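Q: One structure, pasted below without further comment.
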Amino acid sequence: MSKKKKITLEDLAEMMQRQFDEIDGDMATKDDLKKMATKVDLKRMATKDDLNALEERLSRQINSLRGDLILVDRKEDKKLNFVINLLRKKNIFSQADLKAISRFRVFPRIEIHG
């Protein structure tokens, strides 16, 4: 039979200290807890649903702005077309010049020759 070593009070104290040191390394300190989010913080945080709703709202607003920009561009294009047609009627510019000016149109016209 093997002899069991008798544990002294000092051995027991060392073993307990090692266990406490291991546990202490994994435990949060008061400073760690202060840095963590509170329930109030968590309530204020955006959820995935909140972010999805925001994305949808921003997408609608961007599409609306695109529509507004297209309307502005169409108005400018209409003005340019008016000027080009006026210049064409008055024979102020050559056809080559008018074609060059027409390249500035935002919404190009499709010329159908039949």
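Q: May I ask you to list the residues in the stretch 57-76 that are under 19 Å from Phe107 (Cα atoms) and open to solvent by 90 Å² or more (accessible area, probe 1.4 Å)?
A: Leu65, Arg66, Leu69, Leu71, Arg74, Lys75, Glu76
Q: Moving on to the next point. Among the residues of the stretch 3-39, how many are β-branched (Val, Ile, Thr) and open to solvent by 80 Å² or more (accessible area, probe 1.4 Å)?
A: Residues flagged as β-branched (Val, Ile, Thr) and open to solvent by 80 Å² or more (accessible area, probe 1.4 Å) within the stretch 3-39 amount to 2.
Q: For the stretch 40-56, how many residues meet the condition of being of a type in the set (S, T, N, Q) and either loosely packed, with under 10 Cβ neighbours inside 10 Å or not in a helix (DSSP H, G or I) (or both)?
A: Here the count works out to 1.
Q: Taking the stretch 60-80 on its own, how many of its residues are of a type in the set (A, V, I, L, M, F, W, C) and at pLDDT below 90?
A: Residues in the stretch 60-80 being of a type in the set (A, V, I, L, M, F, W, C) and at pLDDT below 90: 1 in total.
Q: I would also like to ask the following. Among the residues that make up the stretch 32-43, is at least one of them among the hydrophobic types (A, V, I, L, M, F, W, C) and touching a Ser or Thr at 6+ places or on another chain (Cβ under 9 Å)?
A: So far as the stretch 32-43 goes, no, none of its residues is among the hydrophobic types (A, V, I, L, M, F, W, C) and touching a Ser or Thr at 6+ places or on another chain (Cβ under 9 Å).
Q: Pull out all pairs, ordered by first then second residue, where Cβ-Cβ is under 6 Å, the residues are six or more apart or on different chains, the first lies in the stretch 25-50 and is at pLDDT below 80, and the second is of a type in the set (A, V, I, L, M, F, W, C) and surrounded by 10 or more Cβ atoms within 10 Å (Cβ to Cβ).
A: none
The values are calculated or read from the model by the stated rules, or taken from the named source; none is laboratory data. What you see is a predicted model; the values in this text were computed from it and never measured. In this analysis, Cβ positions are derived from the backbone assuming ideal geometry, glycine residues included, and neighbour counts consider all displayed protein chains. Just the protein is used for accessible areas: all its heavy atoms, side chains included, with ligands, DNA and RNA removed. Shrake-Rupley method; radii C 1.70, N 1.55, O 1.52, S 1.80 Å.
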